[in-house]
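The values are calculated or read from the model by the stated rules, or taken from the named source; none is laboratory data. Values in this document were obtained by computation on a predicted structure and should not be read as measured data. Please note: Cβ atoms are built from the backbone with ideal geometry, for glycine as well, and neighbour counts cover all protein chains shown.
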Amino acid sequence: MTDTPVAEAPVLSMRGISKRFGHIQALDNVDFEVRAGEVMALVGENGAGKSTLVKILAGLYRADAGEVRLNGEAIDLGGVLKSEHARIAVVQQELSLVPTLTVAENLFLGSSRGAAWRGPRRVGEDAAPFLERVGLEDLDPLVSIEHLSVAERQLIEIARLVARDARILIFDEPTAALSEKETDGVKRVVRRLRDEGGSIIYVTHRLDEVFDLADRVTVFRDGRSQPPVATGELDVDELIHRMLGSRLEAMYPPHGTTRGEVIMALENLRGPGLEEAVNLEVRRGEIVGLAGQVGSGVSDLLRVVSGTVPPFGGRVMLDGKPVPPYNLGASIRMGIGYASSDRKKDGLFLGRKVAENLTAPSLHLVSRGGWLLGARERAMSRRVAALFQIDPGRLGSIAGTLSGGNQQKVAVGKWLGPEPSVLMVDEPTRGVDVGARAEIYGHLRDLAEQGMAVVFASSDVQEVLGLADTVVTFFRGKVVSVRPRQETDTTTVMREITHRTLAKEAS
Amino acid sequence: MKDPATRLEISPDAPDEAARIRSSRIATIAIVGAAVVVLFLVGWLTTPEFVRWANLRNIIRAAAMIGMIALGMTFITLSGNFFSLSVSQTGAFSAIAFAYMLQWDWPLGLAIIAVLAGALIVGAAQGGLVALGGNPIVVTLGFGAALFGLGSTLTDNKTIRTGSTAADWMGTARPLGIPTQTWAFIFLAIIAAVVLTRTRFGRNVLFVGGNKFAAAASGIRPSRVAVQVFSISALAASIAGIFLSAQFSEGRLDSFTGDDINAIAAILVGGAALQGGEGSALRTALGAVFIAALENLMVLRKYSFGVRKLWVGVAILAAVSLFNYLRSRARTT
């Protein structure tokens, strides 16, 4: 980084930033910078220090050492207000909008321009230009947030920061909750803000986004930074190598060899979110991938099968016996495990210990007459932890203190306790770093090899093709096709989950 | 991928984090214990009669009455249903019912069982309404008002004498020098602690309070838990009512006035999480001792009613702020 031309001088530069939590050096002498009119991607595994850096920029943490310069001048980011004053803003991963207020009111939340006495119409008129900048010009600013999709809310969150005149925008995994199509909207806005001279810091686990969007990329590993590289000088393998160092390993395990008898059959199953009855057979040892975008019905199908929501009709047969509908307890006892896509909402007890989380669905197996059997419970949590390679030293930790990847391992792994014959996982690797993803894939494959049937839903086409033996594609609540993995490819799946008519022609 | 040695090693977490949070949990009970010790030290140094045995006995008896109610309500709080605002009316109504039954010369055992059964029904009804989506505060407020009105109509606002000595022993005896109420309180505290930590039901309560949706996804029914915890709370309040009726040989509508707040104060001073999922019976019991001792000390110091309530309020605010601070620190770093 010597002799940078004046035009290329960074708007924001951080030098020698260190931050320590107890015995953990979260950031160790880290350098980071972003220029005007640039998208700088920030990548690294969970625990590499990305979110610590973002929180320092947001003024939530104070660095132990190092300096931050804005346009060449040293500044102090101690506190949220100072960060806001420096025109730095973070697009929150967990959306921070007020669902009952209107779009316009949310846009100006905390600013006098949103005050109720100004009347909804004038606030709405003020909101229009900002909505236009994030590509939501057709949206009525007076509709309340709760009627909008996750993708639209994400864009409004961005518009709100633009309305606050932020110049350095930090996107912390903005597309984690979005389907591939919805992601395009966010990407368009990022490009537009960059072209208008804004500086974008883009934190992501999706490596394709790095190449698609970013001008340069900074890789964090184990709390240390590597010098930024232009994305044109990199390819995916090289980037993964930089993230993992010597720990690089193939992402997906080999496809399955064993295939047993039919263990679960869906017979004319209908339910909320499904436009057509679903018929599907799942065999022991098989991994079935349900490919579809958000709202395509893949998640809805898993919810109906698991007994989370009542079906409209049809039935689920498990090992030849009908499963009582809409009865989670019965489904679990009969051998269906289901991990939803939102582990924070209904997957984990974040305030309770990891060990308690791991035995939560199996309490009936570790108790007698209502009494918990301590020894049996400990054995169960250790066994499940071993199956999913969860550090046994962390069993006594509060689940909320684990990294995203380890939380996901707990949220999925806990379903091994009741020894289900069918394990269903919605978005098995959402918000999980590259290393933990490979590990979760490996565990799911091991389980299938041992005779369990695995059904997972995903909006990530690579994931479905990489892991599944059988690929079921969904579009707008209907099954488009069911094919063995060998008889389909990226283009086919992509076409089938995005475009109904083309899919029909193909089949 | 089947050779574990070739697996990726991933996601380093902060291992000292766990130890720190464990220690902050231990700290919670230490803080509550220390608050009780400091209060007794202050009382001892400033007010000689505070530490006389006769007075200490008063404290542990008062603590027992508040404590039994608070122990029952702890289940409600831990399950994420906040508080019950009908416990003082449930206690008073139970005391009146008990007094009537003794007046009618019912056998003691039958009277106790009948009162407890009635309380169970009242509690289960409130839990049922909460399970159907009612706000716990509103439901219990409504039930409390209705019970008060019913009691007022039945008794014509008069004190009901038991007219019997059958229950005298229960209300006034002191086995080993300790009042019966206190024995019952200790006994119930142990039962509550065991139920919460060692039974499936206790775990279900903490799970539902910790995350209702995750609990439901694990096959636990939050609605069933709601019925159960409100039944337990009503049962505990009714036990306190029976003891009070036995102690004074009478049932009065105003006999538990103010004890809703005292019980809530005991739970909060004990550091239970307001949103549920975290807390302990033992800490609530210590909280009850703290509140009872504080009230007692202030009465001895001749503080007026208003000033006493003021300090109970201050104690609640201080405890909630302190525990919230500790929790948020444990969460963010």
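Pick out the one residue from B:A99, B:A64, B:A119 that is touching a residue at least 40 places away in the same chain (Cβ under 8 Å), under 14 Å from B:I239 (Cα atoms) and in contact with a Leu (Cβ under 7 Å, 6 or more places away or on another chain).
So the residue among B:A99, B:A64, B:A119 that is touching a residue at least 40 places away in the same chain (Cβ under 8 Å), under 14 Å from B:I239 (Cα atoms) and in contact with a Leu (Cβ under 7 Å, 6 or more places away or on another chain) is B:A119.
Taking region A:328-343 as the region of interest, how many residues are more than 9 Å from chain B (Cβ to nearest Cβ) and either more than 27 Å from the chain's Cα centre (by Cα) or under 17 Å from B:I220 (Cα atoms) (or both)?
Looking only at that region, the number is 4.
Just to be sure before I move on: is A:R483 at pLDDT 90 or above and either surrounded by fewer than 23 Cβ atoms within 10 Å (Cβ to Cβ) or among the aromatic types (F, W, Y) (or both) in the structure I sent?
Yes.
Could we say that A:R394 is basic (K, R), surrounded by 20 or more Cβ atoms within 10 Å (Cβ to Cβ), facing another protein chain (nearest Cβ under 8 Å) and within 27 Å of the chain's Cα centre (by Cα) here?
Yes, satisfied.
Do you know which residues across region A:349-380 are crowded, with 24+ Cβ neighbours inside 10 Å and in a loop (DSSP other than H, G, I, E, B)?
A:F349, the sole residue that qualifies.
Please go through region A:64-107 and give me each residue that is within 14 Å of another protein chain (Cβ to nearest Cβ) and farther than 30 Å from A:G119 by Cα, ordered by number.
Passing the criteria: only A:D64.
Could you list, in sequence order, all residues of region A:128-187 that are of a type in the set (K, R), modelled with pLDDT of 80 or more and part of a helix (DSSP H, G or I)?
A:R133, A:R153, A:R160, A:K187
Looking at this structure, is B:D254 closer than 30 Å to B:T159 by Cα, in contact with a helix residue (DSSP H, G or I) (Cβ under 8 Å, 6 or more places away or on another chain) and surrounded by fewer than 23 Cβ atoms within 10 Å (Cβ to Cβ)?
So B:D254 fits the description; yes.
Take the residues in region A:205-239 that are among the β-branched types (V, I, T) and surrounded by fewer than 21 Cβ atoms within 10 Å (Cβ to Cβ), then tell me which one is nearest to A:V190 (Cα to Cα).
For region A:205-239, the residue satisfying everything is A:T231.
Checking the structure you have, find out if any residue of region B:108-122 is away from chain A (no Cβ under 14 Å), more than 21 Å from the chain's Cα centre (by Cα) and under 15 Å from B:L297 (Cβ atoms).
No: zero hits.
A:R242 is checked against (1) part of a helix (DSSP H, G or I); (2) more than 24 Å from A:S179 (Cβ to Cβ); (3) at pLDDT below 90; (4) within 14 Å of chain B (Cβ to nearest Cβ) and fails just one. What number does that condition carry?
Only one criterion in (1) part of a helix (DSSP H, G or I); (2) more than 24 Å from A:S179 (Cβ to Cβ); (3) at pLDDT below 90; (4) within 14 Å of chain B (Cβ to nearest Cβ) is unmet by A:R242, namely (4).
Answer yes or no: is there a residue in region A:381-389 that is assigned to a loop (DSSP other than H, G, I, E, B), at the interface with chain B (Cβ under 9 Å from one of its Cβ atoms) and not charged (D, E, K, R).
Yes.
How do the pairs read when you match residues in region A:317-329 that are of a type in the set (G, A, S) with residues anywhere that are assigned to a loop (DSSP other than H, G, I, E, B), using Cβ under 9 Å and keeping only pairs 6 or more apart or on different chains?
Sorted first by the residue in region A:317-329, then by its partner, the pairs are A:G329/A:G307; A:G329/B:S218; A:G329/B:G219; A:G329/B:I220; A:G329/B:R221.
Hey, among B:S238, B:S255, which residue is outside any loop (DSSP other than H, G, I, E, B) and either free of Cβ contacts under 8 Å to residues at least 60 places away in the same chain or more than 14 Å from chain A (Cβ to nearest Cβ) (or both)?
Selected residue: B:S238, the only one of B:S238, B:S255 that is outside any loop (DSSP other than H, G, I, E, B) and either free of Cβ contacts under 8 Å to residues at least 60 places away in the same chain or more than 14 Å from chain A (Cβ to nearest Cβ) (or both).
Quick one: A:V472 ticks every box in (1) modelled with pLDDT of 95 or more; (2) farther than 23 Å from A:K181 by Cβ bar one, so which box is it?
Condition not satisfied by A:V472: (2).
Of everything in region A:408-440, what is modelled with pLDDT under 90 and assigned to a helix (DSSP H, G or I)? Give them in sequence order.
A:V434, A:G435, A:A436, A:R437, A:A438, A:E439
Among the candidates B:I242, B:I316, B:I261, single out the residue that is touching a helix residue (DSSP H, G or I) at 6+ places or on another chain (Cβ under 8 Å) and farther than 30 Å from B:D156 by Cβ.
Testing whether each residue is touching a helix residue (DSSP H, G or I) at 6+ places or on another chain (Cβ under 8 Å) and farther than 30 Å from B:D156 by Cβ leaves just B:I316.
If you go through region B:28-86 one residue at a time, how many are surrounded by 15 or more Cβ atoms within 10 Å (Cβ to Cβ) and within 21 Å of the chain's Cα centre (by Cα)?
Summing the residues that are surrounded by 15 or more Cβ atoms within 10 Å (Cβ to Cβ) and within 21 Å of the chain's Cα centre (by Cα) in region B:28-86 gives 39.
What's the total number of residues in region B:160-207 that are outside any helix (DSSP H, G or I), of a type in the set (A, V, I, L, M, F, W, C) and facing another protein chain (nearest Cβ under 9 Å)?
Of the residues in that region, 0 qualify.
Taking B:A288 as meeting all but one of (1) under 27 Å from B:P179 (Cβ atoms); (2) in a helix (DSSP H, G or I); (3) within 14 Å of another protein chain (Cβ to nearest Cβ); (4) of a type outside the set (S, T, Y), write down the number of the exception.
Going through the list (1) under 27 Å from B:P179 (Cβ atoms); (2) in a helix (DSSP H, G or I); (3) within 14 Å of another protein chain (Cβ to nearest Cβ); (4) of a type outside the set (S, T, Y), B:A288 breaks only (3).
In the list A:V150, A:V189, A:V217, A:V236, which residue meets the criterion of being farther than 28 Å from A:A436 by Cβ and outside the structural domain of A:R283 (by TED's automatic domain parsing)?
A:V189
Exactly one condition in (1) at pLDDT 85 or above; (2) closer than 25 Å to A:H205 by Cα is false for A:E67; which is it?
With respect to (1) at pLDDT 85 or above; (2) closer than 25 Å to A:H205 by Cα, A:E67 is out only on (2).
Being in a loop (DSSP other than H, G, I, E, B), of a type outside the set (S, T, Y) and surrounded by fewer than 23 Cβ atoms within 10 Å (Cβ to Cβ), is that true of even one residue in region B:298-311?
There is at least one residue in region B:298-311 that is in a loop (DSSP other than H, G, I, E, B), of a type outside the set (S, T, Y) and surrounded by fewer than 23 Cβ atoms within 10 Å (Cβ to Cβ).
For a quick check of your reading of the model, give me the residue pairs whose first member lies in region A:202-227 and is without any contact (Cβ under 8 Å) to a residue 40 or more places away in the chain, whose second is in a strand (DSSP E or B), with beta-carbon atoms closer than 6 Å and at least 6 apart or on different chains.
Final answer for the pair search is A:Q226/A:V219.
If you check A:G72 against the conditions, is it more than 29 Å from A:R192 (Cα to Cα) and either in contact with a strand residue (DSSP E or B) (Cβ under 9 Å, 6 or more places away or on another chain) or at pLDDT 90 or above (or both)?
So A:G72 does not fit the description; no.
Sort out which residues of region A:420-460 are more than 14 Å from chain B (Cβ to nearest Cβ), surrounded by fewer than 24 Cβ atoms within 10 Å (Cβ to Cβ) and out of contact with any Leu (no Cβ under 9 Å at 6 or more places or on another chain), and write them in order of number.
A:R430, A:G451, A:D460
Restricting attention to region B:208-227, which residues are more than 10 Å from every other protein chain (Cβ to nearest Cβ) and either free of Cβ contacts under 8 Å to residues at least 12 places away in the same chain or over 20 Å from the mean Cα position of the chain (by Cα) (or both)?
B:P222, B:S223, B:R224
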